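The structure appears below as structure tokens.
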Amino acid sequence: MKTQIFKGLFISALILGLVSCENEKMDVKEQEINLEMTQEMTNNGETDLGNAFYGKSSKSDCHFEYEGTSGPEFWADLCGEEWKDCAGNSQSPIDIQTGRVQKDGDINNINTNYTNTTIKILNNGHTLQFDYTPGSYANLNNIDYDLLQFHFHTGSEHTINGYRYPMEVHLVHKNRKTGLLAVVGVFFKEGRKDNRFLNQFINELPEHKGQYYISNKEYHIKDVLPEEMDFYTYSGSLTTPGCSEIVTWYVVKQPVYASAAQLERFKKIMHENFRPTQKLNDRVVRSKND
Ligand SMILES: [Zn+2]
């Protein structure tokens, strides 16, 4: 499906190029380069990462939604065997009940080694995905993970004692050797001021599925993180099909703030794109501090 959209875009770009005058041939070239970049971007999508781990190629004809007959309660049955993990026992997101969190002083702090990135935003029909320039990584529990991309959910996917924040950002990291993922989740709360990190691209967000925005303007992921990076950690899954159970989650306790207008902007584009919370089953949520 994604590939088809990009092919479609490319063909449209080509036709536009052919019917317009000679001088505009340059634009088609540029379009083409951008499309190659966008195809690269789609390899970092969550479904692709899950498939890559299992050595599967992405099926393009399966489709999911956040409501209706393709909604979360049906995901496990929408793609033959491919999305069966969505009915697994270690699924994400979860409701974190703080009274049941196990304190574990041996947990290491999140150590980040992030650098700047240029802007690459893709609207993949489910979320706004921001690809990160390679070279940034985080050390999580003594393992290095490359930062691949981050994306947003409105409202938050994880809940704290049943409370759902208006938005959550997921920083998706992958271990180069094992292919296992580590996702850092940060909550957004409504505040009076604009969030300066979000303001860097709030007017450039691609509104429709398959659209993207690319710019050489640089920004830094650290600017979205709160001062205090204390977190809850547990073993879970991707929160979109195929829901692969290959993710160690790091859900940061301290939220960051965004204005009502900013939160509304994201929600208007992505609609409600959170998966309902899943059963904890026999898993334990741990935290270094209370
Ligand atoms: Zn996510």
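If you place +1 on the Cβ of every Lys and Arg, -1 on the Cβ of every Asp and Glu, and leave all else neutral, what size is the dipole of region 43-287 about its Cα centre, to the nearest 20 Debye? Working shown, then result.
Details: 25 positive and 31 negative charges, 83 e Å.
Computed charge dipole of region 43-287: roughly 400 debye.
What residues of region 125-142 lie in the reach of a label at HIS271, counting those whose backbone N is under 18 Å from a point 7 Å from the Cα along Cα→Cβ?
Taking a point 7 Å out along Cα→Cβ of HIS271, the residues of region 125-142 whose backbone N falls under 18 Å are 125-129.
Just to verify a number: FRET efficiency for ASP282 and GLU218, C-beta to C-beta distance, R0 = 51 Å, to 0.05? Could you put the intermediate results ahead of the total?
Details: r = 44 Å, r/R0 = 0.87.
The computed FRET efficiency comes out at 0.70.
Take the Cβ-Cβ distance between ARG100 and ASN141 as r, set R0 to 22 Å, and report the resulting FRET efficiency rounded to the nearest 0.05.
Efficiency for this residue pair is about 0.60.
Quick check: residue separation of HIS208 and GLU228 times 0.36 nm, minus the Cα distance between them. What number comes out in nm?
3.7 nm
Can you tell me the mean projection area, over all orientations, of the convex hull of region 43-287's alpha carbons? Units nm², please. Intermediate results must be reported in sequence, preceding the final value.
On the way: hull surface 50.7 nm².
Average projection, Cα convex hull of region 43-287: 12.7 nm².
Quick check on my link table: of LYS217/LYS253; LYS174/LYS222; LYS120/LYS268; LYS84/LYS189, which ones sit more than 22 Å apart, alpha carbon to alpha carbon? Don't skip to the end; give the middle numbers.
Values: LYS217/LYS253 30 Å; LYS174/LYS222 18 Å; LYS120/LYS268 20 Å; LYS84/LYS189 34 Å.
The answer is LYS217/LYS253; LYS84/LYS189.
Taking 8 Å as the Cα distance limit and 6 or more residues as the minimum spacing, I'd like the relative contact order of region 43-287 as a percentage.
Over region 43-287, the number comes to 27 percent.
Could you work out how much longer the chain between ARG192 and THR118 gets when fully extended? Use 0.36 nm per residue separation minus the Cα distance between them, nm to one decimal. Don't skip to the answer; put the middle values down first.
Details: separation 74, 0.36 × 74 = 26.64 nm, distance 2.80 nm.
Roughly 23.8 nm would be gained on extension.
Could you tell me the calculated FRET efficiency between SER235 and TYR163, based on Cβ-Cβ distance and R0 = 25 angstrom, to the nearest 0.05?
Working: r = 23 Å, r/R0 = 0.90.
That gives a FRET efficiency of 0.65.
If you count the DSSP beta bridges with both ends in region 43-287, what percent of them are antiparallel, to the nearest 5?
Values: 44 of 58 bridges.
Once the DSSP bridges in region 43-287 are tallied, antiparallel ones form about 75 percent.
Do any trypsin sites (Lys or Arg not before Pro) in region 120-187 lie in a DSSP loop with no more than 11 other beta carbon atoms within 10 Å, and if so, which?
ARG176, LYS177
Once the piece of chain linking GLU264 and ALA87 is laid out straight, how much longer is it, given 0.36 nm per residue of separation minus the C-alpha distance between them?
Numbers: separation 177, 0.36 × 177 = 63.72 nm, distance 3.16 nm.
Stretched fully, the GLU264-ALA87 segment lengthens by 60.6 nm.
From the residues TYR257, HIS158, SER215, which one has its Cα farthest along the dipole of region 43-287 in the positive direction, the dipole being from +1 and -1 charges on Cβ of Lys/Arg and Asp/Glu about the Cα centre?
Of the candidates, TYR257 comes out farthest on the positive side.
Values quoted throughout were computed directly from the atomic coordinates according to the rules given, and no laboratory measurement underlies them. Just so it is clear, the structure is predicted and the values come from calculations on it, not from any experiment. For neighbour counting, all protein chains shown are included, and Cβ atoms are generated from backbone atoms with ideal geometry for every residue, glycine included.
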